[in-house]
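Here's the structure we're looking at; comments come further down.
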Amino acid sequence: MRRPNDQSARIGDSNPKMSEQALPTKTAPRDDSLVLEREIARLIVKGLNLPVQAEDIDPQAPLYGEGLGLDSIDILEIALLVSKQYGIQLRADNKENERIFRSLRHFAEHVAAQRTK
């Protein structure tokens with residue numbers, strides 16, 4: 001039990017060990033990217049009723065054509081789902097679409113940079 005005049009228990013005293021423990025742990029940016037990749041993968045699988053598990057989607061495999069095997073209609077549907085979920089604008093005439101939709105990882109990076117939600 002601490003006594004009110006105990007010098008070691010003063011309010012405002014700095015205790016580095018205690019302050020480190022009290023700080024919230026921060027998620028590394030790469031961890032956030034992986035979480036977003038998984039969220040988007042689940043959204044794609046659910047939204048397109050794909051016969052695969054979200055965890056089985058290789059984040060570096062192409063989304064379009066070979067890889068996941070999506071076509072242009074699927075990409076449009078994904079763009080709509082992701083736009084609603086994350087508050088981003090994806091345009092069919094964007095010259096960067098080939099890069100954006102190159103893979104789940106590229107797509108997640110774009111969403112992370114543009115998201116408003």
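Only one residue in Ala79, Ala92 is more than 12 Å from Ile44 (Cα to Cα) and modelled with pLDDT under 95, so which one is that? Full working, then the answer.
Numbers: Ala79 fails: more than 12 Å from Ile44 (Cα to Cα).
Just one listed residue meets the conditions, Ala92.
For the stretch 85-94, indicate whether the set of residues that are of a type in the set (D, E, K, R) and farther than 23 Å from Asp32 by Cα is non-empty. It would help to see each step written out before you state the result.
Looking only at the stretch 85-94, we keep the residues that are of a type in the set (D, E, K, R), and these are 91, 93.
Among the residues that remain, those that are also farther than 23 Å from Asp32 by Cα are: 91, 93.
So far as the stretch 85-94 goes, yes, one or more of its residues are of a type in the set (D, E, K, R) and farther than 23 Å from Asp32 by Cα.
Taking the stretch 87-117 as the range and being under 23 Å from Gly69 (Cα atoms), basic (Lys, Arg) and in contact (Cβ under 8 Å) with a residue 12 or more places away in the chain as the test, the residues that pass are Arg102, Arg105.
Determine if the stretch 67-76 includes at least one residue that is in a loop (DSSP other than H, G, I, E, B) and modelled with pLDDT under 90. Steps first, please.
At the first step, the residues of the stretch 67-76 found to be in a loop (DSSP other than H, G, I, E, B) are 67-69, 71.
Then drop every residue that is not modelled with pLDDT under 90, which leaves 67.
Within the stretch 67-76, one or more residues are in a loop (DSSP other than H, G, I, E, B) and modelled with pLDDT under 90.
The residue pairs whose first member lies in the stretch 59-81 and is under 16 Å from Val111 (Cβ atoms) and touching a residue at least 12 places away in the same chain (Cβ under 8 Å), whose second member is β-branched (Val, Ile, Thr) and not in a loop (DSSP other than H, G, I, E, B), and whose beta carbons are closer than 6 Å, counting only pairs six or more residues apart or on different chains, are Ile78/Ile44.
Given the condition free of Cβ contacts under 8 Å to residues at least 60 places away in the same chain and small (Gly, Ala, Ser), answer yes or no: does some residue in the stretch 38-52 qualify? Checked the stretch 38-52: at least one residue is free of Cβ contacts under 8 Å to residues at least 60 places away in the same chain and small (Gly, Ala, Ser).
The values are calculated or read from the model by the stated rules, or taken from the named source; none is laboratory data. Note that the structure is a prediction, hence the values are computed from the model and not measured. Using ideal geometry, Cβ is built from the backbone for each residue, glycine included, and neighbour counts are taken over all protein chains shown.
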